[in-house]
Every structure is written in structure tokens, then in C-alpha cells.
1. Cα to Cα, under 17 Å, and not fewer than 8 places away if on the same chain: which aspartates and glutamates meet these conditions relative to LYS123?
2. Over region 5-164, calculate the relative contact order: mean separation of alpha carbon pairs under 8 Å at least 6 apart, over the residue count, as a percent.
3. Could you work out the relative contact order of region 317-472, using alpha carbon pairs under 8 angstrom and six or more residues apart, expressed as a whole percent?
4. Residue by residue through region 158-172, what is 3J(HN,Hα) from phi via Karplus (6.51 cos²θ - 1.76 cosθ + 1.60, θ = phi - 60°)? Round to whole Hz and write x for glycine and proline.
5. Obtain the radius of gyration and the Kirkwood radius of the chain from its C-alpha atoms and give Rg over Rh.
6. Arrange the residues LEU19, LEU433 by how much accessible surface each exposes, largest first, with a 1.4 angstrom probe.
7. Give the lysines whose C-alpha is closer than 23 Å to that of LYS8, dropping any in the same chain fewer than 8 places away, or say none.
8. Would you please give the residues with an amide H less than 5 Å from that of ASP358, counting only those at least 5 places away or on a separate chain, with H modeled from the backbone geometry?
Amino acid sequence: MKKTIYPKLFLGYLLFGILGFAAVSTFTTQCAYQYILEKEASQLYKEANLAASDYAVSYYSNNITLEDFEERLVLLNLYLDAEVWVVSTSGEILVNSSQKTDPDNIQSIEGFDLSDFGNRYYKTGSFYNRFEDERLSVYAPISINYRVNSYVFIHKPIATLHTYNNGFLEIAYATLGILFLCAFVLLAIFTFTIILPIKKITKAANQYASGHFENPVDVHTDDEIGYLAASLTYMANELNTLEEDQRKFVSNVSHDFRSPLTSIKGYIEAMQDGTIPPEFQEKYLNIILFETERLTKLTESLLELNNYGKRGVMLDITAFDINQMIKMTAQTFEGSCKTKRIFFELILTGQTLFARADMGKIQRVIYNLIDNAIKFSHPDSVITVETTVKNEKIFVSVKDRGIGIPKASLPKIWERFYKTDLSRGKDKKGTGLGLAIVKEIIQAHQENINVVSTEGVGTEFIFSLPLDHPEDE
Ligand code: ATP
Ligand code: MG
């Protein structure tokens, strides 16, 4: 079973839930409690101050009776749900809202010391062991004639604060739950938009790796993953055609080698066993020679093409007279021209015309183009070779009045081993590699070659070359 990213994501999701829960149950709980405590303390402090400045001062100024004072504190007790005391500076409980005051039996708080409160006006705890439960105790001084006479204390049970806090925490947990659910939705979206497509892409890549390029990657989204899938499909297609080209190439090479070899073998055997009598042998030896030449040419062309196939063909760039080269090359074809009664018409620009290119290779181009022109020309026709200069480029054109190339074949003539059906009868020796070599040479020079042809009328090949500028040197 292969490891996938999914369990890690799911683990991350769970971890997010657990950490969220831990954060709410510790940090949020503590912060919320502290917040509620301070809020409540400040509220109680206001009440204590009110009681101290209002009822207590009225009582001490003898404006109201002790009963009235007590009654008001009891009401405050009910309202606040907290005990209200009046304590003297020495710690005697003068009035207590939860029990009737008995002047003869005044209770004293043991160890009462206001400095225990520090610089705050509230404190939590059992208030000098006066309460069994925990209380929030808040005080405010009662001042008579600018002197602190006693204190109002309000003691609120902490349990009520916890009730608030729990209510608040419920909201926090509910929010956490909603977030957890949102994260789940996110996880689901992530799964459908990223993980599943990546799985598909991986599967397709594995197929391609094992040599099966047929199926495209089944992801069609308009995002990075979609682009990745499209690139992969494109790559697979390219590899597929490359493989097919290679197969075709090998089968063509094999075929082109096999047919001459078979005929050579056949004739030699026939000569050996006497089927061909000695007086006829010369004719067949000539055929064998022809086939051997064909094989040699094929091997040479293949070796040459193999060199061009490698990256960065080494070009031996020099300046040379292209006009001169055309004249010389045309001359080498004199023999074959004579037999077919073909004439050359050379329309050359200037006395000399210097190009900067690899001389040997360009000669090969001109040779191949003229060779084709002669092979596919009708007898008694003219082949025109022309040089022109345009936009700092030399254009060389080789034009024949021959069989022409069918429109459908035009793009294919540059392929290795390609020969049009029209030409097969005219030229048995051809390998179909000549134009492939021409194209490689022109491309290595970063120049262009074009063909214009009409079936039954003729064909023209035009290629460009860089013009030489002697003053640049
Ligand atoms: P090779 O050049 O190896 O002797 P080839 O001439 O058949 O063989 P290419 O030069 O590559 O091969 O040409 C490929 C094919 O293009 C030819 O077989 C022919 O069908 C067609 N072709 C090329 N030049 C001409 C032309 N001038 N007129 C008509 N058809 C042509
Ligand atoms: Mg050729």
C-alpha cells in the first residue's frame, strides 16, 4: 500500500481540533473568568460606594434608624444576591444583611487587616474563614467628616460567577465546533480539488513511465493543477509521436536495406548455380554494382543525418562566392543533363556574390536540390538556378519544369525516407533522405528553405543565406 498525503492531512485536522479544544478549555476559560471577575468586582464596588456614601452616611448622621439602615442593606442583598456588611476599622461586624444586629453581641473578624487587599478593592477567598464557600469580597470606605469611620463589604458567591463563565464557555465551544466543521468542509474541498486530481496525475504519469502514452490525464480544471495535467498530456503525446517516428524510421531503414540486399543475393546465387550463364553475367553484375552504390549512398546519408541530429552541429563558417559554387555544381551534372537533354539557366546576381556559411554543407544543399530537379524534370526542359539579394540576405532558387509535388505531399517531403508516389517510378535509386539533410543544414545556419510546387508543372526550392560584409571584419 502506497503512502498518501491524506492521513497526514487528516491527522493535521484532528490535531487542529484537539489544540482548539485545549486552547478553549485552558486559555479562553481562564481569560473569560478573569474578565467576568473584574467586571463583577467593579460593579460591586460601585454598589458598595453608593451604600457607603448614601445609606451609611445617613445612618451615622442619625438621619435614619438602624432598622432602616439594615432594611436597606437587606434589599441590596436581595438585589445583588450578595451579603452586605458594615465593618469597623478594627474588624467588628457592625451590620450584617443576612442576620439581625444584636448590639450586645458584636462579632469581630479575626486577623482583619485591610492591607491584605493590597492596592485592589477586591479579593477572592473565604474572607478570614467567615464563609464556607469562596466569595468575591469588595469594600468601600464610609467617611464621616473626612475620616474613615468603617467599611461597606459586599460578599458575592464565586459560584454565581462560574455560572456566567460556563454560559460564556458554551458559546466558545459552539464556535469551536463550527470552526471544526468549516475545517472539515475545507478538507473536503481540498480533497476534491487537489488530492484527487494529483492522484489522477500520478496514475497517468506512472502509465506514461511504463510506455503507455494513449490515455490523456483526466483533469480539466482551469488552475495550476489543470495546467500541470495538460502539460503532462502534451508531453505524452509528443513522446508517443516521437516513438512512432522512431519506429517508422527503423522500419524504413530496414526496408531500404533489405530490398537491394535481397536482389544482390538473388543474382549472385543465380550466377553461382548457373541460372545466369556467364555471357549474361555482366548485365547482372552492373545491377549488383548499382544496388551496392545505393546501399553505400544510403549508409552515408544516414551517417550524415545522424550527425545533424545531434545538438549544435559544428559549422565551418567562411565567406565564399555562391555564384561560383552554383556554376561548379551545375557542371558536375553535365553528364546526366546531356542524356535527358536538360539545360541550365543560371541567373546570378553580380559577378561574384559572397555568402557567409559552411561552404561544404551549402554545396551539399545545392547538389541535392539540383540532383532532385534533374531527376524529376521532363526531358528537354530547363532548370533555372537564380541568386538574388534582398534585405541583407542572399536567396538561392532552384526551379525545374518537371512532375511537381502533390499538395498533400508538400509538408512531408522533408521527412526522412519520404518519397512521393509520383517520383517512385522516375527514380529508383533515391533514398528519400536528400531533403532531410538539406533541411538540417539550413536550420543549422538558422536560415529558411521553402518549396513552391504544382503537380505536373514544376517545383521551385528557395533558401536564404547570410550575405557577407567584408567591411565588418
Ligand atoms: P535522395 O535525395 O536520397 O537520392 P530522393 O531524392 O528521393 O532521394 P529527397 O531528395 O529527400 O529524396 O526528396 C524527397 C521526395 O520529394 C522525392 O522522392 C520526391 O518525391 C520529392 N521531390 C523532391 N524534389 C522534387 C522535385 N524537384 N520535383 C518533384 N518532386 C520532388
Ligand atoms: Mg534527392
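The values are calculated or read from the model by the stated rules, or taken from the named source; none is laboratory data. In this text the structure is predicted, and so the values were computed from the model without any measurement. Glycine gets a Cβ as well: all are built from the backbone with ideal geometry, and neighbour counts include every protein chain shown. With ligands, DNA and RNA removed, areas are computed over all heavy atoms of the protein, side chains included. Shrake-Rupley method; radii C 1.70, N 1.55, O 1.52, S 1.80 Å.
1. Output for LYS123: GLU38, GLU40, GLU47, GLU83, GLU110, ASP113, GLU132, ASP133, GLU134.
2. Computed over region 5-164, the figure is 24 percent.
3. The value is 26 percent.
4. 4, 3, 5, 5, 4, 4, 4, 4, 4, x, 5, 5, 4, 5, 4
5. Rg/Rh for the chain comes to 1.58.
6. Correct descending sequence by accessible area is LEU19, LEU433.
7. Reachable lysines: LYS199, LYS200, LYS203.
8. Amide H to amide H, under 5 Å and 5 or more residues apart or across chains, ASP358 pairs with THR318.
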